[in-house]
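First up is the structure itself, then whatever we jot down about it.
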Amino acid sequence: MKRLALVVLVVGCSYRERSRTIHPGELGSPAATITNYLSAPVRAGSPTEDTPGGVSREAIVDEARLEAATPGQVCVSLVERTHVDLDMPLSDWNFKLGGVEVHPSDELVTVRDHSYRGERDVVVADAVTPTALASLRVTQPTDEIFRVFERSGRACAPASGNKIVLEVERPMDDHRGSWGEKFVWTIN
């Protein structure tokens, strides 16, 4: 029974996975591109990346494209988009391609600012008496910026078979679990 509980725990803590079946002629094309969002299955609530209201979630969508698959080697290009709070160089992330640790090359960084309307408190007051409770909150609209870092690169690794898996992990130092995602291609 203890083994069964451990297996269920490990399976339940997997990063968000997206998959696609492609034909060999589609390598390097948009048909070989998979999109995904970082998830943190060990953190409270198992969150996935999100944006504030007024900013499309598309602003933080990650992409991986299977560029080449030859006997013995596969290559992918990838784009990681994260809010400034999760940003770090790709060299600090953990990547596995076909089960082999890889380090993306040719990193290119782009910063994109997305504007949205927020609000801030101007007056907050609470009052309590033996027979009543009163609360007052006055807010004022604000202009906010959601800053996204877009980091792109390319990685290759030895591989065999028709199933290619790219595992991405953004390690965290806060002892609450890392963020990550998984891309899976099946060449048919």
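The values are calculated or read from the model by the stated rules, or taken from the named source; none is laboratory data. Please read all numbers here as calculations on a predicted model, not as lab measurements. Neighbour counts run over all protein chains shown; Cβ positions are idealised from the backbone, glycine included.
Could you tell me whether region 147-158 includes any residue that is farther than 21 Å from SER19 by Cα, touching a Pro at 6+ places or on another chain (Cβ under 8 Å) and either modelled with pLDDT of 95 or more or not in a strand (DSSP E or B) (or both)? Checking region 147-158: at least one residue is farther than 21 Å from SER19 by Cα, touching a Pro at 6+ places or on another chain (Cβ under 8 Å) and either modelled with pLDDT of 95 or more or not in a strand (DSSP E or B) (or both).
For region 162-187, the set of residues classified as out of contact with any strand residue (DSSP E or B) (no Cβ under 8 Å at 6 or more places or on another chain) and touching a residue at least 24 places away in the same chain (Cβ under 8 Å) consists of ARG176, GLY177, listed by residue number.
Of the residues making up region 71-107, just one is over 25 Å from TYR15 (Cα atoms) and in a strand (DSSP E or B), namely ASP106.
Within region 98-114, can you find the residues that are among the hydrophobic types (A, V, I, L, M, F, W, C) and in contact with a Lys or Arg (Cβ under 9 Å, 6 or more places away or on another chain)? Lay out the reasoning, then the answer.
Initially, region 98-114 is screened for residues among the hydrophobic types (A, V, I, L, M, F, W, C), giving 100, 102, 108-109, 111.
Answer for region 98-114, where residues must be among the hydrophobic types (A, V, I, L, M, F, W, C) and in contact with a Lys or Arg (Cβ under 9 Å, 6 or more places away or on another chain): VAL102, LEU108, VAL109, VAL111.
Within region 105-146, the residues that satisfy the criterion of being over 27 Å from the mean Cα position of the chain (by Cα) and among the hydrophobic types (A, V, I, L, M, F, W, C) are VAL122, VAL123, VAL124, ALA125, ALA127, VAL128, ALA132, LEU133, ALA134, LEU136, VAL138. Checking each residue of region 108-126 against the condition of being of a type in the set (Asp, Glu), out of contact with any His (no Cβ under 8 Å at 6 or more places or on another chain), closer than 30 Å to ARG16 by Cβ and surrounded by 13 or more Cβ atoms within 10 Å (Cβ to Cβ) gives no match.
Has region 148-165 got any residue that is among the acidic types (Asp, Glu), within 23 Å of ALA69 (Cα to Cα) and in contact with a Ser or Thr (Cβ under 9 Å, 6 or more places away or on another chain)? Looking for residues that are among the acidic types (Asp, Glu), within 23 Å of ALA69 (Cα to Cα) and in contact with a Ser or Thr (Cβ under 9 Å, 6 or more places away or on another chain), one finds none in region 148-165, hence no. How about region 164-188: which of its residues are of a type in the set (Lys, Arg) and either buried (at least 18 other Cβ atoms within 10 Å of the Cβ) or modelled with pLDDT of 95 or more (or both)? Passing the criteria: ARG170, LYS182.
Of the residues making up region 23-55, those that are within 15 Å of the chain's Cα centre (by Cα) and not in a strand (DSSP E or B) are TYR37, LEU38, ALA40, PRO41, VAL42, ARG43, SER46, PRO47, GLU49, ASP50, THR51. When residues in region 60-98 are screened for being of a type in the set (Gly, Ala, Ser), in contact (Cβ under 8 Å) with a residue 24 or more places away in the chain and surrounded by fewer than 17 Cβ atoms within 10 Å (Cβ to Cβ), 2 of them pass. Give the residue that is modelled with the lowest pLDDT, with candidates limited to residues of region 6-22 that are in a loop (DSSP other than H, G, I, E, B) and surrounded by fewer than 15 Cβ atoms within 10 Å (Cβ to Cβ). Residue satisfying both the conditions and the ranking: CYS13.
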